[in-house]
Amino acid sequence: MQNNPLLSKNNEPFNTIPFSDIKTEHYLPAIKKGIELNEKEIDEIVNNSEKPNFKNTILALEKSGELLDSITTTYFHLFGSESDSEFQKLANEISPMLAKLENDINLNTELFEKVEFVYENHYSDMNADDKKLTEIIYKDFVRNGSKLNEDKKNKLREIDNKLSTLSPKFGNNTLNATNAFELWLEESDLDGLPEVSIEMAKAAAKEKGNENQYLFTLHMPSYFPFMKYSKRRDLREKFMKAMSRKCYGDKYDNSQYVKDIAFLKHQRAQILGYENFADYVLEKRMAENQKNIFNLLDNLYDSSYDLAKNELEDVKKIAKDMDGIEKLEVWDTMYYSEKLKEKLYNFNESELRPYFKAENVIDGIFKVANKLYGLNFEKLNNIQTYHDDINVYQVTGDKNEHIGLLYEDLYPRPGKRSGAWMNELKSQGMNFDGQIERPHVTFTCNFTKSTPTKPALLSYDEVNTVYHEFGHCLHGLLSDCKYKSTGGTSVFWDFVELPSQIMENWLDEKETLSLFAYHYESGDLIPEELVQKIKKSKNFMSASMCLRQLSLGYLDMAWYGKPVEVENIEEFENKTLEKTSLLDRIPGSTISCNFGHIFAGGYSAGYYSYKWAEVLEADAFEKFKEDGIFNKETASSFRKNILSKGNLEHPMRLYEKFRGREPKVDALIKRDGLKELNEA
């Protein structure tokens, strides 16, 4: 135990995680020790003979489990960022242990009675921070079964034990299936592909010991450019079918996990007194109920469906004119949409890559954060990391005060799941010793890597992702709350995307691009002509993209909006998505079996949040546009009322304090060009 870095005294700078010292075999004994200590902390609260009060019950609960939280946060971050099969298998042991502990705490009758006593007898006398913490803890106990009888509590334990293993298994399958597919091509197969994609495929093949071919994979920096630019229709078909059929009926089949997860979540909600899982989730959401969700989705559907059909007709026409395509298939849409875009705007997005060198993009977002919030970022070389790709920055404020640490992890690798996300390795708020700690956050993506002849040159979409995820990071970094349970990104899930999605708006502005968009060879600033093309093409296929997001929102609600018995997932999806599908779906394919957001992440009954937050961020950015995108007063208000406040108040009240009113959908419809096109 003494040699276990997860349990030893931490002498690292800023109390950072000693990633380089930790081995896989350290986790299980450390977690067992952490659970043992947490159980002792709970026993001390329960056995305290003093009358329950905020300090000996609520605050004691908030500060309990600190060691265990640190260990499990480290493990599950690496589970998605740097794991092999041995590391992944640990989740089968760790997750049930944690689920049992959580239930032992939530279903502890004596403990809940103390919490309830404080909530009912001391709540009105507390300050705002203590009130919110007490409310959160009390309601979490109730929502997790504290008022159930013993029979129902036992059923809840059984369900939670099963669920604790299903999500990791789902995630492992998607990662392994992504890594398993390889498309090996010859030079003659590369027609139409941009140079950077070809070089990446050459480097990937060389890593596998084959210098004479080109390797393409299902990782996004490889997949997306291929589908967008490859002239080989047969290869696009093969590639898309591999992506669409991933984890459905293959070696890494997730179909039973999908059914089990949905069934168990509904069963859990019903034991707790809700009709379905969505109703359980929406009790803690801005949307409040399914009616409001469907009002949003249906209104956007009515605004976008006919426009999306028209957009597709234009794509069909250019496909027929160029290559005689009589029937457009799903593997054609990205390719011919790009051709249509080039025709309409004389613009190929690959023209932008030379101006988006990865290091410059990161430097640019740091400059944006400085202009908005006075933040400074200094790269540190004395912090242990979990991979050589990782950079760590100390973040300070305009008075040189310590804000937190940012871990930057930009590129794909075999042990890392696809996509992009932000994690909190250490949340802002009070620790066990009563000190208010500053946060450590991670900024994780899967971008185009450098090649032997070129630095990492990002696509426009990848740069957009930088801005999105960095918005999440700012939400974590700028938290200024007393307790971890009320701070950072611990907000209603349909509010959590506001800080991330609003940041995307800055990318399209000339003032922002002038901060970093310099040609990696010549050093020339991105020309005004390209900036205008970005702006003019911004709403290209916007209705189709909106319809795509709506389809995922509808699918999520189909699984979780009411209990359903699904025998055939493919048939279930075809029926659910019939209203949003404009082309024939690929036989033998599913979305659900690879839909990690709702089956292995936190978006179950919450995928609508992206569109919900779009309404918020489009409306909020209107305020920045009116005042100036780098207006200090407006930025200060956004920081004070949104980024720093965590979950201290209902998000609508926080939004009203920033905007002066509730959000309106008009800004989103206007920005996406839907209003103008519908009027036309």
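The values are calculated or read from the model by the stated rules, or taken from the named source; none is laboratory data. Since we're looking at a predicted model, the values are computed, not measured. As a convention, Cβ positions derive from the backbone with ideal geometry for all residues, glycine included, and neighbour counts pool all protein chains shown.
Consider residue 250 carefully, then state whether it is closer than 22 Å to residue 184 by Cβ and surrounded by fewer than 21 Cβ atoms within 10 Å (Cβ to Cβ).
Yes, satisfied.
Yes or no, residue by residue, for (1) within 29 Å of residue 373 (Cβ to Cβ); (2) touching a helix residue (DSSP H, G or I) at 6+ places or on another chain (Cβ under 6 Å); (3) not acidic (Asp, Glu):
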{"residue": "420", "(1), (2), (3)": "yes, yes, yes"}
{"residue": "423", "(1), (2), (3)": "yes, yes, yes"}
{"residue": "433", "(1), (2), (3)": "yes, no, no"}
{"residue": "436", "(1), (2), (3)": "yes, no, yes"}
{"residue": "449", "(1), (2), (3)": "no, no, yes"}
{"residue": "452", "(1), (2), (3)": "no, no, yes"}
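Anything in the range 1-34 that is in a helix (DSSP H, G or I) and either among the acidic types (Asp, Glu) or closer than 18 Å to residue 425 by Cβ (or both)? List them, or say none. Break it down into steps so the answer makes sense when it comes.
The initial filter retains those residues of the range 1-34 that are in a helix (DSSP H, G or I), namely 13-15, 19-21, 24-34.
Within the range 1-34, 13, 14, 15, 19, 20, 21, 25, 26, 27, 30, 31, 34 qualify.
Could you please find all residues in the range 432-487 being outside any helix (DSSP H, G or I) and of a type in the set (Lys, Arg)?
Of the range 432-487, the ones outside any helix (DSSP H, G or I) are 432-459, 478-483, 487.
Matches in the range 432-487: 438, 449, 454, 482.
Out of everything in the range 494-538 that is out of contact with any helix residue (DSSP H, G or I) (no Cβ under 8 Å at 6 or more places or on another chain) and assigned to a loop (DSSP other than H, G, I, E, B), what residue ends up being farthest from residue 289 (Cα to Cα)?
522
What residue, among those in the range 557-575 that are outside any loop (DSSP other than H, G, I, E, B) and within 25 Å of the chain's Cα centre (by Cα), is nearest to residue 585 (Cα to Cα)?
Top of the filtered list is 573.
When you scan the range 87-110, how many residues do you find that are within 25 Å of the chain's Cα centre (by Cα) and part of a helix (DSSP H, G or I)?
11
Give me the pairs: first residue in the range 58-75 and more than 21 Å from residue 121 (Cβ to Cβ), second residue polar (S, T, N, Q) and in a helix (DSSP H, G or I), beta-carbon distance under 7 Å, and six or more apart or on different chains, which are they?
Close Cβ pairs satisfying both conditions: 64/38; 65/38; 68/38.
Output the residues belonging to the range 394-413 that are in a strand (DSSP E or B) and either surrounded by fewer than 16 Cβ atoms within 10 Å (Cβ to Cβ) or touching a residue at least 24 places away in the same chain (Cβ under 8 Å) (or both).
Residues satisfying the conditions are 394, 395, 402, 403, 404, 405, 406, 407, 408, 409.
I'd like to know if the range 15-24 contains one or more residues that are outside the structural domain of residue 382 (by TED's automatic domain parsing), among the aromatic types (Phe, Trp, Tyr) and closer than 28 Å to residue 395 by Cβ.
The answer is yes, given that some residue of the range 15-24 is outside the structural domain of residue 382 (by TED's automatic domain parsing), among the aromatic types (Phe, Trp, Tyr) and closer than 28 Å to residue 395 by Cβ.
For the range 206-231, how many residues are assigned to a helix (DSSP H, G or I) and more than 30 Å from the chain's Cα centre (by Cα)?
So the count comes out to 1.
Are any residues in the range 35-66 part of a loop (DSSP other than H, G, I, E, B), at negative phi and in contact with a helix residue (DSSP H, G or I) (Cβ under 7 Å, 6 or more places away or on another chain), and if so, which ones?
48, 50, 52, 53, 64
Filter the range 163-182 for residues that are more than 13 Å from residue 247 (Cβ to Cβ) and touching a helix residue (DSSP H, G or I) at 6+ places or on another chain (Cβ under 6 Å) and give the result.
Those that are more than 13 Å from residue 247 (Cβ to Cβ) and touching a helix residue (DSSP H, G or I) at 6+ places or on another chain (Cβ under 6 Å): 163, 164, 165, 166, 168.
Just wondering, is there one or more residues in the range 308-316 that are in a helix (DSSP H, G or I) and closer than 30 Å to residue 493 by Cβ?
Yes, the range 308-316 contains a residue that is in a helix (DSSP H, G or I) and closer than 30 Å to residue 493 by Cβ.
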